[in-house]
Amino acid sequence: MADIVLRDVEKYFGASYIIRKLNLEIRHREFVVLLGPSGCGKTTTLRAIAGLEDIDTGDILIDGKPVQALQAADRDIAFVFQLYALYPHLTAYENIAFPLRAMRESAETVDRRVMDAAKALRIEHLLKKRPGALSGGDLQRVAIGRALVRRPKALLMDEPIGALDAKLREEMRTELKRLHIENQATTVYVTHDQVEAMSMADRIAIMNDGVLQQVGTPTEVYSHPANLFVAQFVGSPIMNVTKGAVRPGDSSTRVILGDNDATLDFPQRLYPMIVDKKHVEDELAIGIRPEGVQVARSQTAGHVPVEAHIIEPLGPYDIVDLKFGKQMLRARTPSGYVAKAGDIVWAKLDETQTHFFSTRTGESLQIRL
Amino acid sequence: MAHVRLDKISKKFGSHTALNNLDLDIADGEFFVLLGPTGAGKTTTLRLIAGLDSPNGGGISIDDQDVSGWSAAERDVALVFQYYSLYPHYTVRQNLEFPLKSKVRRMSQQDIDQRIAKASKTLRIEHLLERKTDRLSGGEMQRVSIGRAIVREPRVFLMDEPLSNLDAKLRELLRSELKDLQMKLGATFLYVTHDQVEAMSMGDQIGVLNHGRIIQVGTPQQIYNQPHDVFVATFVGSPAMNLLPTRLDRGWAEVVPGKLEFSVDKAAGGRAAQLAGPVTLGIRSEDVMVGMNEAVEARVHGVENLGVEKVVTLRVGDCLIKATVPARLELSIDSAVRFSFKQEKLHFFDSGSGNNLYYGEEKRNG
């Protein structure tokens, strides 16, 4: 069990950065997910914590002690890869027991620890099988068992369920999270899948181009994304973003979407809030998640008429493309709420779920209505 | 534009039966999605329609003409693959011209230019026409691949997982674009995928394929709300439908004895009350109601925050049940909660065959 601190960590490859000024604190027993697209530096960060990769500047501390001088094996950390890396000629039991035997633990201790891990992972019935006879999900369970059995200070996982099919991934997500709750090992988990990050993490650290974009709980990054990248990387369907502008009105703030494609009334206090941020009122990107676009079938105060374009029925709800002039915004509606493409419905943006970003920097203006 | 029919198609590879008595009817101008896991026979079906392979039995017709003896070129269908298969050293324009310059077509350069202009406008790749294809992004390459199919103005578009190599955001964008394109062209699309979200969001009709057999054909709503068996029920929808081994007797369902038992008098239009014996009960996560006044007590086993909502795993005895709850609901692990099932949303499957006891009739009779 351990806390892990990354302080001003940098890593270059020639003239280009792989990791840039990374500061991140992973608390004792916390489950932190490093999330980002391929090439964002998340795996390099994980490997640097494990000691599989050197860093060029900065410090990595485990339990307050710098570990750069320590070999991977001496950091007391376990690593689980996407590919299982099990010994094919050994049974599941012997694969899990392997690190303990290497540490010359007594037969009794080995057996107890292997059985404990197997029970937690629900693979007791598979212990006599060899990897060749196991399914992908079970192989990954064995690999995790082998990592856990040493009771390492921290568990590092690199896309451990990325290679599994959708249904199994869903199952493993619940299991891994449950395992963490029971085991309480500090965990750093790397993925490019925002659903995995949202559903398992205590906190998510989102990276892009080697730069940490935001660290926060799933709710924080979903509801209050720090910038456009985070806003559109987290959540599915992705957040609608359109360029926009604000104007002071008589009793409201007028929010203009696109090039005068639609004008919506927002609370009057919005305009001074944007002015307070010393922000130019025309250089705005307006973001709203599909569930924040409110749709009515008949004329409703504060709503504007829009044409429904494509309707995607996803089962429990529909995603409907709505044409606000030339701007297409997607709305989440109850299943069958909008009958067909071409229908005119009435829509507005829920002010509490509307985000305002600077088009120049991409940063959120942090306006909360 | 064409109506495609497969009649009792079989295809074997050695001793392996890839397709077994497959019937498929794709209406003119329809967006038909063939959905199934790896190895179900989706790509085989596509290749048979394209004329790249021949079936061991059965007939294929396009617009009521038997095309079994026709070559791939004569069938006038266009294939778009997962991998872009563009010529890397040529420009986008040259790639688009290529299928039109075949000697069979003898098109004038003017006609060719016109078709390319039209297709590139539809796909919004006009600005890329003079660029070499190895300098395009994944999404642009896939648009060009689709463009190369469009310029031919084929009778049928066949698409084999065209979006599966792209990242999530681009896939979402191209889903809408493809659906929009098909509506604009009014063309017949046969689209193959293992991704149920793609199938649900684009298909007019979905055919669910497993082990070389069509399990069910229907609109996305039919497939989602009236699955014919446990395979369809769990393959479509996320999270997967909860399946609970249950004992039924005189309108009473016993899932976990003494802990999860309830009346099913009103389920399945009252018909469930007549069932007796072991069944598999199915309920989707959004039809599990969580609240202080619900009937059954459970423990919170896990919580997944998806932003827009949360999926909570409930534990009753050894039984795990997923429920969708509003994102603002705070639930701590291992705390007590109460829940119940929406009676009218319960599904009953045969515990042996997995067939839906109320929606599967037509399949078994047919």
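The values are calculated or read from the model by the stated rules, or taken from the named source; none is laboratory data. On a predicted model such as this, the values are computed, not experimentally measured, just so you know. For neighbour counting, all protein chains shown are included, and Cβ atoms are generated from backbone atoms with ideal geometry for every residue, glycine included.
Hey, among the residues in region B:235-247 that are within 14 Å of another protein chain (Cβ to nearest Cβ) and in a strand (DSSP E or B), which one's surrounded by the fewest Cβ atoms within 10 Å (Cβ to Cβ)? First the steps, then the outcome.
Step one: list which residues in region B:235-247 are within 14 Å of another protein chain (Cβ to nearest Cβ), which gives B:235-243.
Applying the additional criterion that residues be in a strand (DSSP E or B) yields B:242-243.
Numbers: B:242: 23, B:243: 18.
Among those residues, the one meeting the criterion is B:243.
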(message) Condition first: within 12 Å of another protein chain (Cβ to nearest Cβ), in a loop (DSSP other than H, G, I, E, B), crowded, with 24+ Cβ neighbours inside 10 Å and at pLDDT 90 or above. Can you find one or more residues in region B:213-221 that meet it?
(response) no
(message) Quick check on my filter: what residues within region B:71-119 are exposed (fewer than 12 other Cβ atoms within 10 Å of the Cβ) and closer than 25 Å to residue B:180 by Cβ?
(response) none
(message) Being surrounded by 19 or more Cβ atoms within 10 Å (Cβ to Cβ) and out of contact with any helix residue (DSSP H, G or I) (no Cβ under 9 Å at 6 or more places or on another chain) is the filter here; which residues of region A:339-362 pass it?
(response) A:345, A:347, A:348
(request) Looking for whichever is crowded, with 23+ Cβ neighbours inside 10 Å, within 14 Å of another protein chain (Cβ to nearest Cβ) and of a type in the set (Asp, Glu) here; the options are A:196, A:182. Which one fits? (result) A:196
(request) Considering only region B:180-193, state which residues are in contact with a strand residue (DSSP E or B) (Cβ under 7 Å, 6 or more places away or on another chain) and within 11 Å of chain A (Cβ to nearest Cβ). (result) B:180, B:182
(message) Can you report the number of residues in region A:231-242 which are in contact with a Leu (Cβ under 9 Å, 6 or more places away or on another chain) and either among the polar types (S, T, N, Q) or within 29 Å of residue A:11 (Cα to Cα) (or both)?
(response) 5
(message) Checking the structure you have, find out if any residue of region B:223-234 is over 23 Å from residue A:198 (Cα atoms), in contact with a His (Cβ under 8 Å, 6 or more places away or on another chain) and part of a loop (DSSP other than H, G, I, E, B).
(response) yes
(message) Being part of a loop (DSSP other than H, G, I, E, B), of a type outside the set (Gly, Ala, Ser) and surrounded by 15 or more Cβ atoms within 10 Å (Cβ to Cβ) is the filter here; which residues of region B:248-265 pass it?
(response) B:264
(request) Sort through B:264, B:236 and tell me the only one that's in contact (Cβ under 8 Å) with a residue 12 or more places away in the chain, hydrophobic (A, V, I, L, M, F, W, C) and under 30 Å from residue B:173 (Cβ atoms). (result) B:236
(message) Just the residues that are within 8 Å of chain A (Cβ to nearest Cβ) and under 20 Å from residue B:234 (Cβ atoms), please, taken from region B:301-319.
(response) B:301, B:302, B:304, B:306, B:311, B:313
(request) Could you identify the single residue in A:61, A:70 that is under 28 Å from residue A:12 (Cβ atoms), surrounded by 13 or more Cβ atoms within 10 Å (Cβ to Cβ) and free of Cβ contacts under 8 Å to residues at least 24 places away in the same chain? (result) A:70
(request) May I ask you to list the residues in region A:303-341 that are more than 13 Å from chain B (Cβ to nearest Cβ) and free of Cβ contacts under 8 Å to residues at least 12 places away in the same chain? (result) none
(request) Quickly run through region A:48-77 and pick out the residues that are closer than 19 Å to residue A:31 by Cα and out of contact with any helix residue (DSSP H, G or I) (no Cβ under 9 Å at 6 or more places or on another chain). (result) A:48, A:61, A:63, A:64, A:76
(request) Answer yes or no: is there a residue in region B:268-282 that is within 14 Å of chain A (Cβ to nearest Cβ) and either touching a residue at least 12 places away in the same chain (Cβ under 8 Å) or more than 28 Å from residue A:200 (Cα to Cα) (or both). (result) yes
(request) From B:43, B:17, grab the single residue that is under 29 Å from residue A:166 (Cβ atoms), surrounded by fewer than 18 Cβ atoms within 10 Å (Cβ to Cβ), at pLDDT below 95 and polar (S, T, N, Q). (result) B:17
(request) With the checklist (1) touching a helix residue (DSSP H, G or I) at 6+ places or on another chain (Cβ under 9 Å); (2) modelled with pLDDT under 90; (3) surrounded by fewer than 17 Cβ atoms within 10 Å (Cβ to Cβ); (4) among the basic types (Lys, Arg) in hand, flag the one item residue A:119 doesn't pass. (result) (1)
(message) Given the condition of a type in the set (A, V, I, L, M), modelled with pLDDT of 90 or more, in a helix (DSSP H, G or I) and within 30 Å of residue A:313 (Cβ to Cβ), answer yes or no: does some residue in region B:4-13 qualify?
(response) no
(request) Restricting attention to region A:79-98, report how many residues are within 17 Å of residue A:152 (Cα to Cα) and either at pLDDT below 90 or surrounded by fewer than 19 Cβ atoms within 10 Å (Cβ to Cβ) (or both). (result) 4
(request) Return the total of residues in region A:283-293 being within 14 Å of another protein chain (Cβ to nearest Cβ) and part of a loop (DSSP other than H, G, I, E, B). (result) 1
(message) Checking the condition within 17 Å of residue B:229 (Cα to Cα) and in a helix (DSSP H, G or I), which residue from B:268, B:273 passes?
(response) B:268
(request) Would you point out the residue of region B:194-212, among those that are more than 11 Å from every other protein chain (Cβ to nearest Cβ) and farther than 23 Å from residue B:77 by Cα, that is surrounded by the fewest Cβ atoms within 10 Å (Cβ to Cβ)? (result) B:211
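Each row is one residue, and each column tells you yes or no for (1) in a loop (DSSP other than H, G, I, E, B); (2) assigned by TED's automatic domain parsing to the domain that holds residue B:258; (3) surrounded by fewer than 21 Cβ atoms within 10 Å (Cβ to Cβ).
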| position | (1), (2), (3) |
| --- | --- |
| B:278 | no, yes, yes |
| B:294 | yes, yes, yes |
| B:297 | no, yes, yes |
| B:302 | no, yes, no |
| B:310 | no, yes, no |
| B:314 | no, yes, no |
| B:328 | yes, yes, yes |
(request) Residues that are modelled with pLDDT under 95 and in the same structural domain as residue A:174 (by TED's automatic domain parsing): find the strands (runs of 3 or more DSSP E) completely inside region A:1-44 holding 1 or more of those. (result) A:4-13, A:16-26
(request) Looking only at region B:302-312, decide whether some residue is in contact (Cβ under 8 Å) with a residue 24 or more places away in the chain and on the phi > 0 side of the Ramachandran plot. (result) no
